[in-house]
Amino acid sequence: MSPTPPSSVVSSRRRTRRRRTLVALGSVVVLLGISWLLLPRPTLYPAGISWSRVVRDRHGTLVHLSTAADGRYRVRCSLAEISPDWTQATLIKEDRWFYQHPGVNPIALIRATWGALTGRDAGGASTLTMQVARLRWGLETRNPMGKLVQIFRAIQLERHYSKTEILEAYFNLAPYGGNVEGATAAAWLWCGRAPAEITPREAIALSVIPQSPATRHPGRGRDTQRIAIAQARLAGLLEQRIGLRADPLAASFVLTPPGPPPHEAPHLCRRLLNDSPSPTVSATLDLAFQHELEQAITSHLRRTRETGIVNACAILVHAPTREVLAYAGSAEYADRAIHGMVDGLRARRSPGSALKPFVYGLALDQGIIHPHSLLIDGPIVFNDYNPENFEREFMGPIHARDALVRSRNIPAVALANRLGDGGLYRLLKRGGVVLTKPVDYYGLALTLGGLGISPVQLATLYSALATDGVARPLRYALGDEPDHSASTLSGPRPLLGPAARFLTLDMLRGAGELGPEYAFARTDPAVAWKTGTSHGFRDAWTVGVRGEYVVVVWLGNFDGRSNNALVARRCAAPLLFDIFRRLKLPLTTTPAPPSVGKVSLCAVSGDLPGPDCTHTLTGWFIPGVSPISHCQLHRSILVDPASGLRVAQDDGRPGLRREIHEFWPPDLLELFRKAGLPRRPPPAPEHGTDTLLGLDHGQPPVITSPLKGRTYQLEEPSTTVEVQLKARATPGVNQLYWFNGEAFLGACAPSAHLPWQAPPGDHRLHVLDDHGRAAETILRVRPGDR
């Protein structure tokens, strides 16, 4: 039996063991601390994770939601975007000690371990951080090793990320049934609203899904009774732990998906997502306007289907900001029969007459016309170009305003021929229209739609017309604030001056009077509008400007098939006015610019009224620019009732009476006759011609063909070219005499033309009327190449 050690020795040994234990514990703590500090920083989300692409309208409403690359709906959001009710319900349901533990809840872990050893249900031990770790690394946590890895990863996440970041990651990764992950996708797909707008009932119903997403899938849940029990239990916990009054209907509330994932405005969304790398795009679109526009198209095509018109597209633009508020690229995106996936708003088609307002605007700007100037709507030839009106008829002399709103081709082409400074071609180039050929390739046909232009480009031009005249690209996404100094297409100089823009729109508003004539009565006098029908009846357009808003409408077939029903004034214009009626847009009137004024005009000639003008009207003009002279049309004359002839002066014979007559030039009288609107000519002069005491104001003829400065090119060096010699004569002229230098070429009536075979060379042509007044022009004829 060994001797008992002294007490001092025992005490010393105990102290030594305690010191060793403390050192060991300290070493463990130090090692754990070092390990804690040395834990590498992982990414919070799985490597290579992809997100859904989202498009929202200008009010934040979800317009389009696509699946991520793995086929799941997963939208990234910040914690601030989640409803507080939803956050509270999730924390109470999943981890009420989330803000107190270091990633692992030791008490819950011990309780769950004891329950597993004893076979009792003691609840789960997974914290929100552990769930994020499982989702982040795709862990299998049903076995002990997987659970240990999950605990380690949770601690690792807590080491490097804040509680806010971890909770945010949970709301971005948590499963909410089917292929829906994350709070934002769940809120939109299961509740039809943004996550910030989730109600308390919805918050409870959504918070119980991640625990069993397969059985609690909204709309497909297989055990509605258990779902109700889980919701009722969570509602009770919310009342017990945070004092939230229990909702008696929370248990019976059922999430009902509002419909399929949103894919509104598909053409615009495709355009936005292709142009932007951002997963979320805020569009300028107004979804309410988009729905009204689409419904108008659907309703209209339902009525026109029997005529073979089955496709249309339209765009709505807020002109001052150039923001696109509605965008329908076809009648139905999914309709393969009409090639619905094609974006018709980006396709270049012939605009027909839709560009004529810019010809008139340029003519106003350059002082060629004013709104009531008389233009000629009659047969005319420009070298080898012979334009015709849509109805192949003529209206004779017509005021510029009426010629524009009635879309007369010949007056528009004649004006385009008189434009300087590059004319319509230069305006279109500055306006961003793609013209791949030189100006001579298009010629005067440009005025009547002899080019390709897209509805988007046309909306850009009309937006400039409706505002500051500067062509700027349309805007499709919010936040893309344009740099007005750098993003203009036309440069700092406007396409048209303020006076010309104002007068052009004012002229176009007169088209509202033509509604009943065009077989539709519902027009809006505040809308300035213009139609366009392409050659061959392939495209029907109407563009409307109402206050600050521009609408462009196109009807036709994407494959270019013609249809005689595609007449814009009959099929496109009614759709335009229906769109404006549905949208109920606010009307902002633009005051007249200081550079325009009003003046009294002769209602017939459009000139300043003379003493013999009995009918006048008030019209706009541009002081110092508009070509206005005194009316020479109405004249007071003396008539001998016995002979019916006019006399030069009162010579005392009895019965002379004074009458007012219109003195139209002979060629215009002939045009009136051909148009079916014959005018009564004044009485013939008593002596067969006006005397010096008579009414002749001495205006010389005006040569209208050949055009001044025109060069004719011969096809063969030794041949001649036929030139039509024609001049406009003053009233009272009966005969015109044509000369080439001193050589007499022939005579003709003022209403006719004289054909002449012109040889190569430079020719000085003279025309002399039967009153001795003359005019001349230079004609150049060049031989062709051998």
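The values are calculated or read from the model by the stated rules, or taken from the named source; none is laboratory data. Since the structure is predicted, the reported quantities are computational estimates derived from the model, not experimental observations. When we count neighbours, we look across all protein chains shown, and the Cβ atoms used for this are built from the backbone with ideal geometry, even at glycine. When the accessible area is computed, the model is the full protein with side chains, heavy atoms only, and any ligands, DNA or RNA have been set aside. Shrake-Rupley method; radii C 1.70, N 1.55, O 1.52, S 1.80 Å.
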Which of the residues belonging to the stretch 152-167 are at pLDDT 95 or above, touching a helix residue (DSSP H, G or I) at 6+ places or on another chain (Cβ under 7 Å) and over 13 Å from Leu135 (Cα atoms)?
Thr164
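Taking the stretch 767-786 as the region of interest, how many residues are assigned to a strand (DSSP E or B) and either more than 19 Å from Thr711 (Cβ to Cβ) or without any contact (Cβ under 8 Å) to a residue 12 or more places away in the chain (or both)?
First pass over the stretch 767-786, keeping only residues assigned to a strand (DSSP E or B): 767-769, 774-782.
Retained after the next criterion (residues that are either more than 19 Å from Thr711 (Cβ to Cβ) or without any contact (Cβ under 8 Å) to a residue 12 or more places away in the chain (or both)): 767-769, 774-775.
Residues that pass the stated criteria total 5.
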Among the residues of the stretch 144-160, which ones are more than 16 Å from Thr43 (Cα to Cα) and buried (at least 18 other Cβ atoms within 10 Å of the Cβ)?
Lys147, Ile151
Taking the condition buried (at least 24 other Cβ atoms within 10 Å of the Cβ), without any contact (Cβ under 8 Å) to a residue 60 or more places away in the chain and under 25 Å from Asp57 (Cβ atoms), does Ala205 pass?
no
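Going by what's in this entry, would Tyr442 be described as open to solvent by less than 40 Å² (accessible area, probe 1.4 Å) and at pLDDT below 95?
Values: open to solvent by less than 40 Å² (accessible area, probe 1.4 Å): yes; at pLDDT below 95: yes.
Yes; evaluated as a whole, the condition is true for this residue.
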Given (1) open to solvent by 40 Å² or more (accessible area, probe 1.4 Å); (2) at pLDDT 85 or above, index of the condition Gly761 fails:
(1)
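Of these, Thr618, Thr614, Thr589, which one is β-branched (Val, Ile, Thr), surrounded by fewer than 16 Cβ atoms within 10 Å (Cβ to Cβ) and assigned to a strand (DSSP E or B)? Don't jump to the end; show me each part of the working.
On the way: Thr614 fails: assigned to a strand (DSSP E or B); Thr589 fails: assigned to a strand (DSSP E or B).
Residue meeting the stated conditions: Thr618.
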Yes/no for Ala331 being part of a loop (DSSP other than H, G, I, E, B), at pLDDT 95 or above and either touching a strand residue (DSSP E or B) at 6+ places or on another chain (Cβ under 8 Å) or within 28 Å of Thr589 (Cβ to Cβ) (or both)
yes
Kindly list the number of the only condition in (1) aromatic (Phe, Trp, Tyr); (2) at pLDDT below 95; (3) over 20 Å from Ala187 (Cα atoms) that fails for Phe253.
(3)
Condition first: in contact (Cβ under 8 Å) with a residue 40 or more places away in the chain, farther than 18 Å from His771 by Cβ and over 51 Å from the mean Cα position of the chain (by Cα). Now tell me which residues in the stretch 646-682 satisfy that.
Gln649, Ile660
Residue that is modelled with pLDDT under 90, of a type outside the set (Asp, Glu) and not in a loop (DSSP other than H, G, I, E, B), where the choices are Arg635, Arg653:
Arg635
What are the residue pairs meeting all of these: first residue in the stretch 257-285, first residue hydroxyl-bearing (Ser, Thr, Tyr), second residue at pLDDT below 90, Cβ atoms under 8 Å, and 6 or more apart or on different chains?
Ser282/Gly479
Scan (1) over 24 Å from Leu587 (Cα atoms); (2) free of Cβ contacts under 8 Å to residues at least 60 places away in the same chain; (3) open to solvent by 10 Å² or more (accessible area, probe 1.4 Å) for the single condition Val470 breaks and write down its number.
(1)
Being part of a strand (DSSP E or B) and without any contact (Cβ under 8 Å) to a residue 24 or more places away in the chain is the filter; apply it to the stretch 735-758 and report the residue that is surrounded by the most Cβ atoms within 10 Å (Cβ to Cβ).
Leu745
Could you list, in sequence order, all residues of the stretch 772-786 that are out of contact with any Leu (no Cβ under 8 Å at 6 or more places or on another chain) and more than 10 Å from Pro701 (Cβ to Cβ)?
Gly772, Arg780, Asp785, Arg786
